[in-house]
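Worksheet for the structure shown next.
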Amino acid sequence: MVNINETAVKNIGKVLNDPSRPMKERFRALFTLRNLGGNTAINCINDCFSDDSVLLKHELAYCLGQMQDKTAIPLLRNVLEDKTQDPIVRHEAGEALGAIGDPHLQELLEKYQYDSVIEVAETCQIALERLNWIGKQNSEKLSSSKFLSIDPAPPSTEEDVEVLKNTMMDESKTLFDRYRAMFSLRNLGTTESINALGEGFKASSALFRHEVAFIFGQMQDERSIPFLKQTLEDTSEHEMVRHEAAEALGSIATDECTEVLKKYLNDPRPVVRESCEVALDMSEYENSTELQYANTLLTVES
């Protein structure tokens, strides 16, 4: 964590909350605040939930969850309970609460596991099972992700790709167990496991398909490009899946990825076109000599 004074943190917050700034700059400000942590950073992030951008607000919730600071719980609860927020934002708030993992959240998550919006309901079901899983740490240790993320579900102990793929695609199983198989396939990182993950785009749940795209973004493996490209190019696909595919392509950052992202900079769906803008900025960073994507703002704004 970088130590800078409160005024500098607030200045970065001003970048985040300035709708006249390009989305890529606001994203960099957000991830800088996430890395800094603390109450001032959390308050700056929370102030942005009144913004018009669904993409940005969903990312606010994600970052608050990854920070794992319990002071963010009431803020995320407000977002989850706010039916005027886009389902993509509410879903991310539910996932963030699961990432924080406070046992006192059980009642809230039990309520919203029956939400009328399927993506919100499914997210809260997974978050609830994660809480229950955390409560059984005595028999199964919490695992830290080598991808430096707080995952919605821990990887399973299974390592057979075929078994994992069958579990992942078995819609009679809970989403939590299917997510566990998915994260195990991610951790294996072989051609076989990547191809198995690609099958996940055939699942009926948009939430599930969006998580496959997110995982490919974490892996940054060129072998996943055909799956991601096909997903972004499918204009009938749910926007939360297409947006995640765009960001994943930005993380992989090959010339092929850049070309396909440029094609959708004017997509009719705001969350998709904004994702392509941010993804192209990520791609530029991945191909640059910058040491860290977000903290370049510390020297600019402090």
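The values are calculated or read from the model by the stated rules, or taken from the named source; none is laboratory data. For clarity, every value in this text was computed on a predicted model and none was experimentally measured. Quick reminder, even Gly has a Cβ in these numbers, built from the backbone with ideal geometry, and neighbours come from all protein chains shown. Calculation scope for accessible area: heavy atoms of the full protein, side chains included, ligands and nucleic acids excluded. Shrake-Rupley method; radii C 1.70, N 1.55, O 1.52, S 1.80 Å.
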So the FRET efficiency between residue 166 and residue 82, C-beta based with R0 = 30 Å and rounded to 0.05, is 0.20
Would you calculate the separation in nanometres between label points at residue 233 and residue 47, each defined as 7 Å from the Cα along the Cα-to-beta-carbon direction?
-> 4.4 nm
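Give the Rg/Rh ratio for the range 85-226, taking Rg as the radius of gyration of the Cα atoms and Rh as the Kirkwood radius, to two decimals.
Rg/Rh for the range 85-226 comes to 0.95.
Calculate for the chain the 222 nm mean residue ellipticity that helices alone would give, adding -39,500 (n - 2.57) per DSSP H run of length 4 or more and normalising by residue count, nearest 500 deg cm²/dmol. Each step should come with its number before you reach the end.
Details: 17 runs with 196 residues, N = 302.
Mean residue ellipticity at 222 nm (helix-derived): -20000 deg cm²/dmol.
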Cα-Cα pairs in the range 160-302 separated by more than 21 Å, as a whole percent of all pairs, come to 44 percent
Counting only backbone N atoms under 14 Å from a point 7 Å out along Cα-to-Cβ of residue 145, the residues of the range 231-251 in range are 248
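Give a quick list of GluC sites (Glu not before Pro) in the range 154-248 that DSSP marks as loop, anything other than H, G, I, E or B, with at most 12 other Cβ atoms within 10 Å.
On the way: sites: 158, 159, 162, 171, 192, 199, 211, 222, 233, 237, 239, 244, 247; in loops: 158, 159, 171, 237.
The qualifying sites are 171.
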Label point 7 Å out from residue 39 along Cα-to-Cβ: which residues of the range 67-85 have amide N under 18 Å?
-> 68-76
Max mean-square fluctuation residue, GNM over the chain, Cα-Cα springs under 10 Å, options 230, 66, 218 = 230
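Determine Rg/Rh for the range 1-139; Rg is computed over alpha-carbon atoms and Rh is the Kirkwood hydrodynamic estimate from the same atoms. Write out the running numbers ahead of the final one.
Details: Rg = 15.2 Å, Rh = 15.2 Å.
Answer for the range 1-139: 1.00.
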Mean-square fluctuation maximum in Gaussian network of the chain, Cα pairs under 10 Å, restricted to 35, 187, 78, hits 78
Can you send over the solvent-accessible area of residue 44, 1.4 Å probe, protein chains only, in Å² to the nearest 10?
-> 10 Å²
Would you mind finding the longest exposed-site-free stretch of the chain, with exposed trypsin sites (Lys or Arg not before Pro) meaning DSSP loop and at most 11 other Cβ atoms within 10 Å?
-> 147-302
Compare 210, 238 by solvent-accessible area with a 1.4 Å probe and give them largest first, with all protein chains kept in place.
-> 238, 210
Keeping the other protein chains in place, figure out the carbon and sulfur percent of the accessible area of the chain, with a 1.4 Å probe.
-> 46 percent
Under 14 Å Cα-Cα from residue 202, which aspartates and glutamates qualify once same-chain neighbours fewer than 8 residues away are excluded?
-> 170, 171, 211, 234, 237
Among 248, 41, 29, whose mean-square fluctuation peaks in a Gaussian network model of the chain (Cα, cutoff 10 Å)?
-> 41
Cα convex hull volume per residue for the chain (Å³) | 128 Å³
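Roll a 1.4 Å probe over the protein chains and send me the accessible area per residue for the chain in Å². Intermediate values should be presented prior to the final figure.
Working: 13510 Å² over 302 residues.
That works out to 45 Å² for each residue.
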Along the charge dipole of the chain, which of 196, 241, 176 sits closest to the positive end, that is, farthest toward it, with unit charges on the beta carbon of Lys, Arg, Asp and Glu (+1, +1, -1, -1)?
-> 176
